[in-house]
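Scroll down for the structure; my scribbles are underneath it.
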Amino acid sequence: MKQQLKEKRERQGFSLVIAIAAISLVTQTSVNALTYTSASLHSQANNRASTSSLSALEMFKEAYENRYTWNEQFPGYTAKVDFTQGQEKYQGRIQVKPDLRVVVSGINNEEARQSIENQLQMLVVHRRSVPFEKVHKDSTFKFGNTDKNGAVEIIKANEPGSSFKVYDRQIVQVNRQMGGQSFSVNTLDTKVTPEGYLATRYRTTFHQPQTKQVLAEEVSEDTYKKIGDYYLPVSQVVQHSEGGKQFKAEFNFTNLQLLSSKK
């Protein structure tokens, strides 16, 4: 079990890098298993101009700003955490600070503690509100293809290997290449709130860039609950497949309490 936790932590370390990299592009997102209920945004890629007046940058910006994020008044919160992987179970406390730093306490097993910290950090980093102009001030975008469901491909022209799919004001897929690996994040389900949408089920696939060979795959299912003015994560189930092996980890957060003020 100790080895499993070590392997899990190593995978999470790379996933955390991806999470931070992805947030600079957008957020966790998708398309493959998403059920499209609205009319197609575009009927064909080649007649895009006649079906929409939005440029690629404008369409991407609209979807980016439609994500659910915590505002500048976010006070942080505390919660009890239960972490289960295989036959091992751990209980502790977490604190998410106003600047979105994560602190995990009450768990003596350092590998388990870091697993919880990394996984929660991946969740909360996507709630960070960063103005589009700040993140993408030097970015250029162009249209790619439109799939049969109406999702529009938007290519980040000044960054090879980076592209997205947008559908119904949501970024439904993120693709990026990092070093010797590339990854795709596809959202399978979302939660729509008055303040924006949240990805609640998504698949991350890691590829070898040249051959497109699948190196690993991870499916995450997140649940959120509104506490005060904010939607907070109350659970996450992660199933990871790699090299013929499968791993499952569950994170449950209870007794969620917002901090009274920023500290």
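The values are calculated or read from the model by the stated rules, or taken from the named source; none is laboratory data. Predicted model only: the values in this text are computed from it and were never measured. Please note: Cβ atoms are built from the backbone with ideal geometry, for glycine as well, and neighbour counts cover all protein chains shown.
Values as computed for the structure displayed
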item	result
Yes/no for Asp222 being more than 23 Å from Asp147 (Cβ to Cβ) and either touching a Ser or Thr at 6+ places or on another chain (Cβ under 6 Å) or not hydroxyl-bearing (Ser, Thr, Tyr) (or both)	yes
Complete set of residues in the range 170-193 that are over 16 Å from the mean Cα position of the chain (by Cα) and at pLDDT 95 or above	Thr193
Options Gly243, Gly228: the member that is of a type in the set (Gly, Ala, Ser), within 27 Å of Tyr77 (Cβ to Cβ) and touching a Leu at 6+ places or on another chain (Cβ under 9 Å)	Gly228
Residue in the range 104-141 that is nearest to Ala79 (Cα to Cα), counting only those that are among the hydrophobic types (A, V, I, L, M, F, W, C) and more than 20 Å from the chain's Cα centre (by Cα)	Val104
Identity of the residue in the range 66-110, of a type outside the set (S, T, N, Q), surrounded by fewer than 17 Cβ atoms within 10 Å (Cβ to Cβ) and assigned to a strand (DSSP E or B), that ends up modelled with the lowest pLDDT	Glu88
Within the range 156-179, considering residues that are assigned to a strand (DSSP E or B) and free of Cβ contacts under 8 Å to residues at least 24 places away in the same chain, the one farthest from Tyr64 (Cα to Cα)	Asn175
Test set (1) under 18 Å from Tyr202 (Cβ atoms); (2) of a type outside the set (D, E, K, R); (3) surrounded by fewer than 19 Cβ atoms within 10 Å (Cβ to Cβ) - Asn145 fails condition number	(1)
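A quick yes/no check of all residues on (1) hydrophobic (A, V, I, L, M, F, W, C); (2) in contact with a helix residue (DSSP H, G or I) (Cβ under 7 Å, 6 or more places away or on another chain):
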site	(1), (2)
Gly86	no, yes
Gln95	no, no
Pro98	no, no
Ile107	yes, yes
Ser115	no, yes
Met122	yes, yes
Val125	yes, yes
Ser139	no, no
